[in-house]
Amino acid sequence: MAVAATSALMREEDQERNTCAMRTLLMADPVRYPRMTTEELRNTFLLDNLRQAGAIQLAYVDLDRAVVGMAVPFESPLALPTSPELRASFFTERRELGALNVGGAGVVHVGSSSYSLDNLDLLYIGRGNADIRFESKSANSPAVFYLLSYPAHTSYPVTLVKKTDAQPTDIGSPETCNRRTIYKYVHLAGAKSCQLVMGVTHLQTGSSWNTMPAHTHMRRSEVYFYFDVAENARVFHLMGQGTRRDTW
């Protein structure tokens, strides 16, 4: 995810208010994107470099006001900042947040409560929680929190979903090379939310496609975060209308 280390470059007054700048992604419409160069497509649809040790990196998607980010606490806890783009006194004043740990053991502090998250555990944080901090249990094996947030019309309780409690659903087939298991964390029958939906997909041996058959989601952005990808593996996204074959 191509985001500069903005949280490490905050102005002194921003540090005092616990605010940080966020990169804003301006989504392309169906008329504009076929004319975009490869570099323009990547700048619009790809985020990288969000994982920065000892920092929180955030990006704002203008299409549906989603916020995508990562928190990598190292030797000391990291407080979740707000941003001028949110027009809020604290991050979840009018938003909900999901934090998925893809690293070592960590802790998320929400107000006076603390929640321990092991690898692939998730914490849902509802609207109205002003004090949110991320911590690693060991600097030698730091936690890595993937963050996804959407606007919220009401407040649902903070909910810890352990990896073992996520609901598995097997879909796809070996014939189409897309046999996979989706572990559902935040969904209609799981952790309650306003509009946030989160899960983790595990591809089965011999399968390579994650999203087939091709489909769209008009109600909200679908954000893919790839992790634990083998060194010699590659990720390709095919995009465009059915009569076109645009790749980036």
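The values are calculated or read from the model by the stated rules, or taken from the named source; none is laboratory data. Worth saying up front: this structure is predicted, and the values here are computed from it rather than measured. As a convention, Cβ positions derive from the backbone with ideal geometry for all residues, glycine included, and neighbour counts pool all protein chains shown.
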Among residues of the range 92-104 being in contact with a Pro (Cβ under 7 Å, 6 or more places away or on another chain) and under 25 Å from Tyr226 (Cβ atoms), the residue surrounded by the most Cβ atoms within 10 Å (Cβ to Cβ) is Arg95
Test each condition in (1) surrounded by 15 or more Cβ atoms within 10 Å (Cβ to Cβ); (2) within 22 Å of Thr154 (Cα to Cα); (3) of a type in the set (Ser, Thr, Tyr) for Thr44 and report the one that comes out false.
(2)
Could you check, for the range 224-243, whether at least one of its residues is touching a residue at least 24 places away in the same chain (Cβ under 8 Å), surrounded by 13 or more Cβ atoms within 10 Å (Cβ to Cβ), within 30 Å of Arg87 (Cβ to Cβ) and not aromatic (Phe, Trp, Tyr)?
no
Quick check on my filter: what residues within the range 177-192 are part of a strand (DSSP E or B) and of a type outside the set (Gly, Ala, Ser)?
Arg180, Thr181, Ile182, Tyr183, Lys184, Tyr185, Val186
Among the candidates Ile182, Ile125, Ile132, Ile171, single out the residue that is without any contact (Cβ under 8 Å) to a residue 12 or more places away in the chain and either of a type in the set (A, V, I, L, M, F, W, C) or surrounded by fewer than 21 Cβ atoms within 10 Å (Cβ to Cβ) (or both).
Ile171
Selection count, the range 47-74, where residues are of a type in the set (D, E, K, R), over 17 Å from Leu86 (Cα atoms) and surrounded by 15 or more Cβ atoms within 10 Å (Cβ to Cβ):
1
Checked Asn43, Asn18 against criteria (within 22 Å of Tyr150 (Cα to Cα), at pLDDT below 85 and not aromatic (Phe, Trp, Tyr)); the one match is Asn18
If you go through His217, His153, the only one that is touching a residue at least 24 places away in the same chain (Cβ under 8 Å) and either in a loop (DSSP other than H, G, I, E, B) or surrounded by 15 or more Cβ atoms within 10 Å (Cβ to Cβ) (or both) is His153
Check the range 113-130 and report whether any residue there is in contact with a strand residue (DSSP E or B) (Cβ under 6 Å, 6 or more places away or on another chain), of a type in the set (Lys, Arg), assigned to a loop (DSSP other than H, G, I, E, B) and at pLDDT 95 or above.
yes
Could you say whether any residue in the range 161-168 is part of a loop (DSSP other than H, G, I, E, B) and polar (S, T, N, Q)?
no
If you check Arg234, Arg180, which single one turns out to be basic (Lys, Arg) and under 30 Å from Pro34 (Cα atoms)?
Arg234
Matching residues in the range 60-70 - criterion: being of a type in the set (A, V, I, L, M, F, W, C) and under 10 Å from the mean Cα position of the chain (by Cα):
Ala66, Val67, Val68, Met70
Where residues in the range 193-207 are surrounded by 16 or more Cβ atoms within 10 Å (Cβ to Cβ), among the small types (Gly, Ala, Ser) and assigned to a loop (DSSP other than H, G, I, E, B), which of them is farthest from the chain's Cα centre (by Cα)?
Ser207
Leading residue by the ranking (farthest from Val61 (Cα to Cα)) among those in the range 21-32 that are surrounded by 15 or more Cβ atoms within 10 Å (Cβ to Cβ) and in contact (Cβ under 8 Å) with a residue 24 or more places away in the chain
Ala21
